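Down below is the structure, laid out as structure tokens.
The values are calculated or read from the model by the stated rules, or taken from the named source; none is laboratory data. The structure presented is a predicted model; accordingly, all values stated were derived computationally and were not measured. With ideal geometry, Cβ positions are generated from the backbone for all residues, glycine too; neighbour counts draw on all protein chains shown. Quick note on the areas: whole protein, heavy atoms, side chains included, nothing else; ligands and nucleic acids left out. Shrake-Rupley method; radii C 1.70, N 1.55, O 1.52, S 1.80 Å.
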Amino acid sequence: MHNSNATLRFVVGGICHETNTYATEFTGYTQLPDFMCVSGDEVEAEYAGTNRSVGGYIEAAHALGIELVYSTLAFAWPSGTIGASVYEQLKQSVLAGIRDALPVDGVLMAPHGAGVVEGIDDLEGDLLAAVRELVGDNVPIASVYDLHGQMTDSMRIYGDLTLPCRLYPHTDLLQRGVEAVELLAQTARGALGPVTAMHRLPMLGIVMSTDAGFPAADVNDLCARIGERPGVIDCSWFHGFPYADIPAPCPTVVCTTDGDLDLAQRYADEVADWIWTNREAFRPKVLAPEEGVRQALAVESGMVVINESSDNPGGGAPGDATHLLRALLDARLPPETACFVAIHDREVAQQAERAGVGATIEVKLGGKLGKMQGAPIVAQAYVKAVTDGRFTNFLGSMLEGLQFDLGTSCRLIIEGVDVIVISRPTQTFDHAMLLLHGIDVKCRKIVALKSSNHFRAGFQALASAIVTVDGPGLSSADVASFPRSRLAQRLWPLDEDVVRVSPGQLAQPS
Ligand SMILES: [Zn+2]
């Protein structure tokens with residue numbers, strides 16, 4: 001136990017990656033250069049003030065007078081499986097930084113929750129086990145996760161505080177980081193003795209907003225009510241990440257109490273029971289792009305966002321699918337009705353740059369990065385603008401203030417539709433990318449984009465309606481359509497008649 005008058009010292013480190021194992025076939029293993037690694041003094045420059053868990057760690061530590069020391073923080077955008085030697089290098093770097101920081105009063109990890117390494121299904125559990133071995137049993141470890149992860153037994157056993165973010169869009173990562181520091185400080189001082197139970201559901205992971213009106217918001221409400229009960233430190237849930245061929249890509253409820261494991265299990269079971277009983281509300285719904293365009297045009301006034309969830313680079317997809325763009329072109333809209341932001345095609349962006357603004361070029365756009373991406377769009381395109389692809393996300397969007405560099409980018413006009421073409425895949429968080437290319441969203445009836453849900457934080461206030469469409473793709477909402485060779489048990493809705501064993505039995509505390 002720590003002397004309550006002395007300054008606490010926490011070490012921060014981790015590897016953060018959402019792994020879409022299905023992307024590996026098309027984009028290869030995620031490599032070392034894909035990771036942004038910072039350590040020491042670089043960490044505050046990179047993360048302070050950002051809506052990331054580490055942003056919250058920094059803010060709360062400063063407020064509470066806690067000393068933070070930084071090991072390596074490695075982050076890569078969602079992509080394919082991490083190569084084994086790449087992970088080993090990152091892991092050793094994180095461990096070395098923690099070793100150098102010892103002795104510490106606590107560890108703050110910055111993981112994702114859906115990391116998969118060649119040969120390791122559970123990056124987070126593997127790294128936590130190694131950190132635990134290094135720091136021993138008496139140093140508490142807290143982790144803030146993305147809710148699109150799977151909780152594993154290793155994460156439960158080797159971590160003390162397991163805190164997935166609660167909101168999708170993830171606008172609460174900073175807040176969860178603040179909570180993690182506060183709880184870790186109380187634990188380090190001996191004022192709390194967290195114990196954690198979990199309940200994994202025999203369902204495929206859920207991709208659904210937690211905004212009001214969605215059933216996922218009801219789960220959050222129940223967790224919040226349980227969180228108020230005596231003895232409960234935190235009650236929340238992982239939605240699971242369905243875009244990974246791993247043994248258990250499932251939602252998991254996690255409850256942490258102050259020393260009462262039975263109570264924690266009972267409450268985790270209670271939330272899991274609710275989800276299971278109401279599972280029909282979580283059944284994936286899919287709307288074809290053509291139908292989505294028809295629905296958007298039927299909205300009488302205001303701007304309508306159509307999001308293509310099936311090719312979301314934020315879920316590890318290549319971002320060059322042409323299904324929604326094809327449907328827009330086929331709708332033969334009057335000029336300046338619709339814009340598309342954005343399609344990933346470096347070749348075409350460079351072709352436009354070479355031809356220059358004002359040129360008309362013949363393009364073969366998109367559809368090049370895998371068999372699910374649709375046929376390339378072959379068309380005459382007018383080059384309206386060419387940019388360096390650099391911009392900063394607006395206030396209010398999920399990653400507000402974050403700087404993007406998408407490489408050479410351009411605005412093409414194809415059959416009256418404005419199409420932004422970028423050289424690096426990204427999902428669209430707000431309209432900064434449109435403004436960069438001279439388009440005011442208020443002057444378009446339809447804004448089409450690639451994102452599953454994070455765009456809502458940046459577009460909700462601007463749009464009179466949002467229509468989600470889904471074609472074939474590596475982040476399709478039709479999660480049951482992905483081939484699965486590694487499942488440890490039968491899952492709903494792959495099997496409609498899955499019978500759930502009695503509460504708690506799927507994840508007995510050891
Ligand atoms: Zn997420």
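Descriptive notes on the structure:
- In the chain, helices alone account for a calculated mean residue ellipticity at 222 nm of -8500 deg cm²/dmol, with every DSSP H run of four or more residues adding -39,500 (n - 2.57).
- Carbon + sulfur, % of accessible area of the stretch 333-394 - ligands and nucleic acids excluded, 1.4 Å: 51
- Using the Cβ-Cβ distance between R484 and R283 with R0 set to 25 Å, the FRET efficiency from 1/(1 + (r/R0)^6) comes to roughly 0.90.
- Contour excess over end-to-end distance, with Cα ends at R294 and K442 and 0.36 nm allotted per residue: 51.3 nm
- Amide proton proximity set for A76, modelled H, under 5 Å, gap of 5+: C16, M36
- Subtracting the Cα-Cα distance of L261 and S85 from their residue separation scaled by 0.36 nm leaves 59.6 nm.
- Dipole in debye (nearest 20) - the chain, about Cα centre, beta carbon charges: Lys, Arg +1; Asp, Glu -1: 920
- Computed lengthening from A6 to K371, 0.36 nm per intervening residue step minus Cα-Cα distance: 125.4 nm
- Quarter of Cα convex hull surface for the chain, i.e. mean projection, nm²: 22.4
- For the stretch 320-326, 3J(HN,Hα) computed residue by residue from phi via the Karplus equation (6.51, -1.76, 1.60; θ = phi - 60°) reads 10, 5, 10, 4, 6, 4, 4 Hz, glycine and proline entered as x.
- For the residues R411, R490, a 1.4 Å probe over the protein chains yields an accessible-area ranking, largest first, of R490, R411.
- Anisotropy class of the stretch 111-266 from Cα gyration tensor, a/c 1.5 cut: oblate
- Residues whose amide H falls under 5 Å from that of Q489, counting only those 5 or more places apart or on a different chain, are absent, with hydrogens built in the peptide plane.
- Most positive-pole-ward Cα, Y57, F35, L434, against dipole of the chain from beta carbon charges: L434
- Label-reachable residues, the stretch 228-272, where backbone N falls under 16 Å from a point 7 Å from R500's Cα toward its Cβ: 236-240, 249-255, 265-272
- A simple rule links phi to the HN-Hα coupling: the Karplus curve 6.51 cos²θ - 1.76 cosθ + 1.60 with θ = phi - 60°, which for the stretch 439-450 gives 10, 8, 4, 5, 9, 10, 6, 10, 10, 9, 8, 10 Hz, with x for Gly and Pro.
- Largest to smallest accessible area among K371, K364 [probe 1.4 Å]: K371, K364
- Long-range amide H partners of L287 with built H, under 5 Å: D470
- For the stretch 114-126, Karplus couplings with θ = phi - 60° (6.51, -1.76, 1.60), whole Hz, Gly/Pro x: 10, x, 10, 10, 3, x, 10, 6, 10, 3, 4, x, 5
- Largest accessible area first, the residues W77, W492, W274 order themselves as W77, W274, W492 under a 1.4 Å probe with ligands, DNA and RNA left out.
- Rounded, prolate or oblate (a/c below 1.5 giving rounded, otherwise prolate when a/b exceeds b/c) for the stretch 289-477 by Cα gyration tensor: rounded
- Cβ-Cβ FRET estimate between S301 and T392, R0 fixed at 41 Å, reported to 0.05: 0.85
- Formal net charge of residues neighbouring G113 (Cβ-Cβ distance under 11 Å; K, R +1; D, E -1): -4
- With a Förster radius of 35 Å applied to the beta-carbon distance between V378 and Q31, the computed FRET efficiency rounds to 0.60.
- Each of G319, V417, A381 was placed along the dipole of the stretch 289-477 (beta-carbon charges, centred on the mean Cα), and the one lying farthest toward the positive end is A381.
- The residues of the stretch 289-477 expose, per residue, 37 Å² of accessible area to a 1.4 Å probe.
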